[in-house]
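Engineer: What follows is a structure written as structure tokens; I'll ask about it next.
Derivation of every value follows stated rules applied to the coordinates shown; laboratory data play no part. As the structure is a prediction and not an experimental result, all values here were calculated from the model. Using ideal geometry, Cβ is built from the backbone for each residue, glycine included, and neighbour counts are taken over all protein chains shown.
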Amino acid sequence: MKGLNQKKAKVFSLFLLCSFLAWFISNLSDTYESRSDFLVNYRNLPDTLLQGKNSNQHLEVKLRTSGFQFLYYNFFKKRVDINVSQAVFRNGRYVLLEDQLKEQLDQQLSQNISLLDVSQNQLVLDLYQVASRKIPIVPKMDLQLEQNYILDGKLILIPDSVTVKGPNSEIDTIMEIRTSPIKLANVSDSFEREAVLVFPKGLENSVFSDARVSISGKVDKFSEKVFEVPVQVLNIPEGFHVKTFPSTVTVLCKASIERLKSLSAADFAVESDYEKSKGSDNTLFLTIAKRPENTYDVRLQQTSVNFVLEQL
């Protein structure tokens, strides 16, 4: 008899549970009006504005929808995007008016949810006016190449500059942004490294567009080649001619092997200014007036020549 009563109790409990579930589901399928809390994501911030730390992260709204939807929102908070570009400036602060706010929210709610009201007639935004500047990035790199290897061209930085937004009083003195130190030794191959940007201290109200930079460089083996380049004399007195001894000088150029193959003596120019050399015991001092790009080192094998001033 005792076992039979226990069995009846279990059957009764099961029917009671099923009845409760049927009643609960039936009630959840009904439509209700109630308040719910949304999480806010701010989007489309204008370049001239910056968001402060006191912006509202929650927005209370009144909805009409099914009990299922309210139950879901109790467990999983809904996130809504707020388009900040629609904000207006009133009484010394930026606000989104109620009509704008409702329109934005309506567009993000499904068709079975009706927005009845928001908890405030305007959303106050913690925004302040800022300036914007583009600051060059300067790599702090200790690059040690293996013997007979050169850096072919300049270091490539991506990005090569960073945009900072903040009050003029904070950003107007920033001239450059340096990277964290990078040391490369015995380099004989092209390389690429990532570095962290080091920002100045005391910029609590400023933000930077990037925090890291990629630094790369092309490394080639170099060789040397000697070119015979004619000496050109400037500022010769009228009615005279200058003859130099020798008439050509050797220029030593260091560059990558491929670059050297494309060079000729016409890519160089060696000059001397007669006015500056006048009175130097028939000696003209030489300078390199033109040198080709993408070369490692260009130097004169001799820095002066003798000359004779001849009347025409």
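Engineer: Based on the Cα atoms of region 131-217, what semi-axes does the equivalent ellipsoid have, where each is the square root of 5 times one gyration tensor eigenvalue, given in whole Å with the largest first?
Structural biologist: Equivalent-ellipsoid dimensions as semi-axes: 30, 11, 10 Å.
Engineer: Within region 116-155, report the trypsin sites (Lys or Arg not before Pro) that DSSP leaves as loop and that have at most 10 other Cβ atoms within 10 Å.
Structural biologist: Sparse-neighbourhood loop trypsin sites (Lys or Arg not before Pro): 154.
Engineer: I'd like to compare 93-100, 53-60: which one has the highest average count of other Cβ atoms within 10 Å, and what's the full order after that?
Structural biologist: Ranking the peptides 93-100, 53-60 by packing returns 93-100, 53-60.
Engineer: Test of understanding: ordering 231, 298 by Cβ neighbours within 10 Å, fewest first, what list do you get?
Structural biologist: With the sparsest Cβ surroundings first, the list reads 298, 231.
Engineer: Skipping prolines and chain starts, which residues have an amide H placed within reach, meaning under 5 Å, of the one on residue 242, given they are 5 or more residues away or on another chain?
Structural biologist: Excluding prolines and chain starts, which carry no amide H, the hits are 310.
Engineer: Take 272, 304 and order them by how many other Cβ atoms sit within 10 Å, fewest up front.
Structural biologist: 304, 272
Engineer: So which GluC sites (Glu not before Pro) in region 238-287 end up in coil per DSSP with only 13 or fewer other C-beta atoms within 10 Å?
Structural biologist: Loop-located and lightly packed - 238.
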